[in-house]
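The values are calculated or read from the model by the stated rules, or taken from the named source; none is laboratory data. The structure presented is a predicted model; accordingly, all values stated were derived computationally and were not measured. Cβ placement follows ideal geometry from the backbone for every residue including glycine, while neighbour counts extend to all protein chains displayed.
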Amino acid sequence: MNLIDPIVQFQSELQHIRRNIHAHPELCYEERRTADVVAEKLTEWGIPVLRGMGVTGVVGIIKRGSSEAAIGLRADMDALPMQEFNTFAHASKHAGKMHACGHDGHTAMLLGAAHHLAKHGNFDGTVYVIFQPAEEGGAGAKKMIEDGLFEQCPMQAVYGMHNWPGAPVGSFGVTPGPMMASSNEFEVTVHGRGSHAAQPHKSVDPIMVAVQIAQSWQTIVSRNKSPLDAGVLSITQIHAGSATNVIPDEAKLIGTVRTFTIEVLDLMEQRMREVAAHTAAAFGAEVEFQFKRNYPPLINHAAETSFAVKVMQEVVGAASVNAQVEPTMGSEDFAFMLQHKPGCYVFIGNGEGGHRDIGHGLGPCNLHNPSYDFNDDLLPIGATYWVRLAEAALLPSRAMPAAAVRESAALAA
């Protein structure tokens, strides 16, 4: 493993920052303390700071030389609304809030990179270190873009990274094209006619209609969508009724749809709407159909992914880089940034959980699990990757810039 020695020497400070953030989790758009910590550190290291994009977002501007070339490196800052089971010293001090997805570690890794780039960076251009709020359901990336991120911070490419439990520490995973799915939710209300349960013939039973709709929806995945296209339709809630002897007036179906392409998403939403309306009509009922598109699919750009793979291989060795990692049906709002700029999003292995201090919960070290904790051994690895990526992109003597890699890939094709 080819880590940058000053970053390795700085690991204890990064661990202190990471654990401090972990102990004080803040939910989406509430990351004021976390943003203060980030801004204070960047300012301490002589890095100019922009604040307020995306409500609580922070952007550090690290410039060297005279080139107008620039890239963005992004980390998320928010926590989850869940109770932590861990009792070690840096466990959450706020009931019902927890860094269960490792955003505390993502923030610390990018701070480590910023510190090194500001003091020792060997590049010509500008590195924007983007500390984003509200990834967990708040679409903070979209909000930062709407607030002028790419206008105020013009960049040719943008990169992101997420820890991945189960993958070995010192490993990376990535794939070109779709890597994470779109996130969408639906709520369908079936309006029928209630009656006494002993006189069902006097009703239009919304529960039976909802059951028919739920079963028919599954044929969208198996019969309307190509078997080669991934798509998930999960009904996660059914709500109806309040008494055993009453057929209610309405029933609700709630759930999520995940796809890797907008085309498949369009198809699934359209067919869900049609099946629900026509099934209800067949039984004499009506439906109210709501479909909300939260995050688009995260699609890595081919040239930037190839470029990032070379950098990862330089840091941890080719054997520890999976350049065709299996995509996941989880979602990420970094997808919004990749809709506006070329770039690449990668996974960095978080291990199996053996790193957790005494006092960790009894559950596995999985994302969104109350026993999760970020692995501090990743801090110098992730920070080194960020530094090498920035230096390779912005210093032609070290490697082809991302734009040149894209051009080369296009010519080769």
In the range 197-218, the residues that are of a type in the set (Ser, Thr, Tyr) and touching a helix residue (DSSP H, G or I) at 6+ places or on another chain (Cβ under 8 Å): 216
Near pairs, Cβ below 6 angstrom, 6+ apart or cross-chain, from the range 30-59 (over 23 Å from residue 150 (Cβ atoms) and assigned by TED's automatic domain parsing to the domain that holds residue 128) to any residue that is basic (Lys, Arg) and buried (at least 23 other Cβ atoms within 10 Å of the Cβ): none
Residue within the range 74-96 that is in the same structural domain as residue 157 (by TED's automatic domain parsing), acidic (Asp, Glu) and free of Cβ contacts under 8 Å to residues at least 12 places away in the same chain present: no
Residue match in the range 176-197 (condition: among the aromatic types (Phe, Trp, Tyr) and farther than 29 Å from residue 235 by Cβ): no
Selection from the range 1-29 of residues that are in contact (Cβ under 8 Å) with a residue 12 or more places away in the chain and of a type in the set (S, T, N, Q): 2, 11, 15, 20
Test: residue in the range 75-87 that is charged (D, E, K, R) and more than 17 Å from residue 38 (Cβ to Cβ): yes
Selection from the range 173-218 of residues that are touching a Lys or Arg at 6+ places or on another chain (Cβ under 9 Å) and among the hydroxyl-bearing types (Ser, Thr, Tyr): 182, 183, 189, 195, 203
Enumerated strands (runs of 3 or more DSSP E) restricted to the range 215-303, each holding at least 1 residues that are over 29 Å from the mean Cα position of the chain (by Cα): 231-240, 250-259, 286-295
Hey, residue 14 in a helix (DSSP H, G or I), hydrophobic (A, V, I, L, M, F, W, C) and either at pLDDT 95 or above or under 28 Å from residue 91 (Cα atoms) (or both) or not: yes
Filtered residues of the range 307-360 (kept if among the aromatic types (Phe, Trp, Tyr) and out of contact with any Asp or Glu (no Cβ under 9 Å at 6 or more places or on another chain)): 307, 336, 347
Subset of the range 54-79 [in contact with an Asp or Glu (Cβ under 8 Å, 6 or more places away or on another chain) and buried (at least 23 other Cβ atoms within 10 Å of the Cβ)]: 54, 56, 57, 76, 77, 78, 79
Any hit, the range 147-164, residues being over 28 Å from residue 57 (Cβ atoms) and at pLDDT 95 or above: no
Residue selected from the range 243-273 under the condition among the charged types (D, E, K, R) and surrounded by fewer than 13 Cβ atoms within 10 Å (Cβ to Cβ), by the criterion nearest to residue 177 (Cα to Cα): 263
Residue ID - surrounded by the most Cβ atoms within 10 Å (Cβ to Cβ), chosen from residues in the range 1-36 that are out of contact with any helix residue (DSSP H, G or I) (no Cβ under 8 Å at 6 or more places or on another chain) and aliphatic (A, V, I, L, M): 35
